[in-house]
Amino acid sequence: MKNIVFNNQINTHQSSLKSFAIRFTQNIDDANDLVQDTLLKAIRYSDLYKEGTNLRGWLYTIMRNTYINDYRREVKKQALIYTEADLTSAHLMKSSTANQVEGKFVNDDIFKALGTLEPVYYIPFMKYFEGFKYHEIADELQIPIGTVKTRIHMARQVLKKALKMYNTENGATIN
């Protein structure tokens, strides 16, 4: 019964959330998506809301954090796309055929190295690689944030050791 009451309470704030979201996104469709994400997170984490506190403020905080996290992910994605699009033929050291072959070997080695990781290290590492924050990974896997950091660090060490042949700092290069 508490869930129904809580859901009704957060739905009463939907129009003010939409106005707040439009100021962030400057786009109605994106604002609607942001409101929907906010309401879903509010329902998912309803047990963290303390009754008697400012519900609208809590919802605004969820919306702001959701927008910031989405923005950071988008910036990372755009930076990667921009870097890849910036390559010209003048930047290429070898022919595209050779690069494709080398790239395939490098990818194969990376996937082999990832395959050596135990699931307790692989899952947090891949979540972090996909752009999730430590606390988001900890929440999803229901483990302490320190454990998440340790497992990601351990995964990096294993991958670094497995891929040491590609370390250009020590003079090794791909030929």
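Below is a table of values for the structure above.
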quantity: Phi-based couplings in Hz for segment 33-47 (Karplus 6.51, -1.76, 1.60; Gly and Pro marked x); calculated: 4, 5, 4, 4, 4, 5, 5, 5, 5, 4, 5, 4, 9, 4, 5
quantity: Built amide H within the under 5 Å cut-off of residue 143, gap 5+; calculated: none
quantity: DSSP-loop trypsin sites (Lys or Arg not before Pro) across segment 1-81, with at most 12 other Cβ within 10 angstrom; calculated: 50
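Since every read-out is calculated from the coordinates, none of them should be taken as a lab result. Remember, predicted model here, so these are calculated numbers, not experimental data. We place every Cβ from the backbone using ideal geometry, glycine too, and count neighbours over all the protein chains shown.
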